[in-house]
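Nothing in this text is a laboratory measurement; each read-out follows from the coordinates by a stated rule. Quick caveat, the model's predicted, so the values are computed rather than measured. Ideal geometry is used to build each Cβ from the backbone, glycine not excepted, and the neighbour counts take in all protein chains shown.
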Amino acid sequence: MLSLFGLTFIGLLLADWMGWGVLGDATFVIACILIVAYAKPSDLLTVVVCPPLVFLGACVCAKVITSAGGTSAAEGTLVTLGDSAPWLFVGTILTILIALGRGLLGNIRELRQGLRGDPDAAPRDDAAAPRGGFGPAGPRR
């Protein structure tokens, strides 16, 4: 996530100084693709959730540094977020699609098992569960 922040922050700074807003947005999308492609499979869930928040943090930091006397950093941040919304969606969707191909569903399954309290248990197949007790598949936990 630190790499994503750094690349996005540098891209936004360069875009502000050069007056070419597409540079910051394209840097964000490229950084999202690189981060999800090189992340460990166990970190994919974190990588998928964080890009919009990281972009917001990088945008605020860049606007605080580059805000001119006539515009405030808050105003610049809101304008940049509005202009960058399509790029944020594209970067986030590409991140999700690449992560799905790399095993994101397995991470979600593991998280669900951990939240149920059985992190080491294999996924239950109700058809293979012993019959008897309460209901057709036996008592449920």
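In a DSSP loop and with at most 12 other Cβ atoms within 10 Å, the chymotrypsin sites (Phe, Trp or Tyr not before Pro) in segment 15-56 are W20. What you get for segment 2-114, charging only the Cβ of Lys and Arg (+1) and of Asp and Glu (-1), is a dipole of about 400 debye around the Cα centre. Projecting the Cα atoms of V90, F5, G101 onto the charge dipole of segment 2-114 (Cβ charges, centred on the Cα centre) puts G101 farthest toward the positive pole.
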